[in-house]
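Contents: one structure, followed by commentary.
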Amino acid sequence: MLLKRHDDWVISSTSPRTEERDARTARWVSRWCDLTRDLTRDEVVAVMGEPSGEYTVSTGGERQLY
């Protein structure tokens, strides 16, 4: 789980919600700090793995992967 504290995002919990998500959760937590703002979408996917989904301007939000 991520929380925003003092204008920074911090990881507050690394516990998976279900056992089947354990490997994905561990991968996400271990690689999160390797990301930088200048990475392309493809580079982010290469580091983090396939996203569960994506928001775009056309779906009502800022472009982001989740």
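When you look at residue 43, is it charged (D, E, K, R), part of a helix (DSSP H, G or I) and at pLDDT 80 or above, yes or no?
Taking the combined requirement at face value, the residue satisfies it.
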Matching residues in region 39-66 - criterion: being exposed (fewer than 10 other Cβ atoms within 10 Å of the Cβ) and more than 22 Å from residue 26 (Cβ to Cβ):
40, 42, 57, 58, 59, 60, 62
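The values are calculated or read from the model by the stated rules, or taken from the named source; none is laboratory data. Quantities reported herein were computed from a predicted structural model and do not represent experimental measurements. Ideal geometry is used to build each Cβ from the backbone, glycine not excepted, and the neighbour counts take in all protein chains shown.
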